[in-house]
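So the structure is just underneath, and the comments pick up after that.
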């Protein structure tokens, strides 16, 4: 799906990658083509339009789901033990890019009641993204959260300006990203803190191989400015800026004209943003599962102290 506006043209699927199973459905937007076809979270995507998904990265699979409104895409999937081949018609699907909730960590020395953590999952960078993140922060802060988790896993990007605006929400000041070409730095995006909404509370950022493009710019900015601790695995590595030139025969030529570099001058392309710490393999990708992790001492991915998450 293409998620650069408040409504997307696609089938309404959010997908992720499971290390053991491959591409998996994270969610299906209510009322979207996938949801109406009975596709459910946990279903495994085996092929898209005949292309085998074995070894496919989330970003590349998301590209295959894109297409004009009214066009069809065939998805071959596994639902439990049942194999299904579905033909879906792409349509405009209303999309809220942010999910949030409050989680409570278990008690720690000197904090018998535990601490409230605001969990924010950002699924895409559409026109509503920065406003939705700001609104989530204000709502969670109003309920006395002491720290935030920003989940960028399987976020394949979207509008570059929204990524910049969301970085400004978290940063007091500093460089967000450099635009570079063969001659060096050609442009700098930074912030003076005037748009900051949450520049001081402890912040953890979750990333994986499905974190791409604008998500990597945001994660890199928060990491290099030492605003957040990044958990997960190296991100996708999409750092090229490309232009399409139309040729006389109607075809197009894609030319790389520049690249993104993080504030520490790390070239994102093909390398991605490296996390500060890995996440346990069993760490869940949904907000309910995340809360279980920090609330339940019997969970296999239990994080028993707030300091464990933010140090």
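Coordinate-derived values only; no laboratory data. Bear in mind that the values here come from a model prediction, so they are computed numbers and not experimental data. Positions of Cβ are backbone-derived with ideal geometry, glycine not excepted, and every protein chain shown enters the neighbour counts.
Relative contact order for the chain using alpha-carbon pairs under 8 Å, separation at least 6, rounded to a whole percent? Let's see the in-between values first.
Values: 757 pairs, mean separation 44.5, N = 311.
RCO, the chain: 14 percent.
For residue 296 and residue 246, FRET efficiency with R0 = 41 Å and r from the beta-carbon atoms, rounded to 0.05? Walk me through the numbers before you get to the answer.
Values: r = 56 Å, r/R0 = 1.37.
According to the calculation, E is roughly 0.15.
Report the relative contact order of segment 109-239, percent, no decimals, based on alpha-carbon pairs under 8 angstrom and at least 6 residues apart. Walk me through the numbers on the way to the answer.
Values: 262 pairs, mean separation 33.9, N = 131.
It comes to 26 percent, rounded to a whole number.
Extending each Cα 7 Å along its Cβ direction at residue 197 and residue 144, get the distance between those two points in nm, one decimal.
Rounded to a tenth, the inter-label distance reads 2.3 nm.
Sorted by average packing, counted as other Cβ atoms within 10 angstrom per residue and highest first, what order do 49-59, 143-153 take? Don't jump to the answer; show the numbers that get you there.
Numbers: 49-59: 15.2, 143-153: 20.9.
Highest mean packing first, the order is 143-153, 49-59.
Could you check the spin-label model distance between residue 173 and residue 63? Points 7 Å from the Cα along Cα→Cβ, value in nm.
In this crude spin-label approximation the distance works out to 4.0 nm.
Could you check the spin-label model distance between residue 254 and residue 99? Points 7 Å from the Cα along Cα→Cβ, value in nm.
So the label points at residue 254 and residue 99 sit 3.0 nm apart.
How would you order 211-218, 178-185, 243-250 from highest to lowest mean count of nearby Cβ atoms within 10 Å? Working shown, then result.
Numbers: 211-218: 29.0, 178-185: 12.8, 243-250: 7.8.
Those peptides, ordered most packed to least, come out 211-218, 178-185, 243-250.
Of 235, 9, how do they rank once you tally other Cβ atoms within 10 Å and put the fewest first?
Working: 235 29, 9 19.
Fewest-to-most Cβ neighbours within 10 Å comes out as 9, 235.
Along the Cα-to-Cβ line of residue 182, 7 Å from the Cα, sits a label point; which residues in segment 220-247 have backbone N less than 16 Å from it?
Correct set: 241-243.
Taking the beta-carbon count within 10 Å as an exposure proxy, list 277, 79 from fewest neighbours to most.
Details: 277 12, 79 15.
In order of increasing Cβ crowding within 10 Å: 277, 79.
Give the separation of the Cα centroids, segment 118-180 to segment 70-91, in Å.
Value for the Cα centre distance between the two parts: 32 Å.
Using the number of other C-beta atoms within 10 angstrom as an exposure proxy, rank 172, 162 with the fewest first.
Working: 172 14, 162 25.
By the 10 Å Cβ count, ascending, the order reads 172, 162.
Semi-axes of the chain's equivalent ellipsoid from the Cα gyration tensor, sqrt of 5 times each eigenvalue, largest first, rounded to whole Å? Mind dumping the intermediate values first?
On the way: eigenvalues 189, 140, 58 Å².
After scaling each eigenvalue by five and taking roots: 31, 26, 17 Å.
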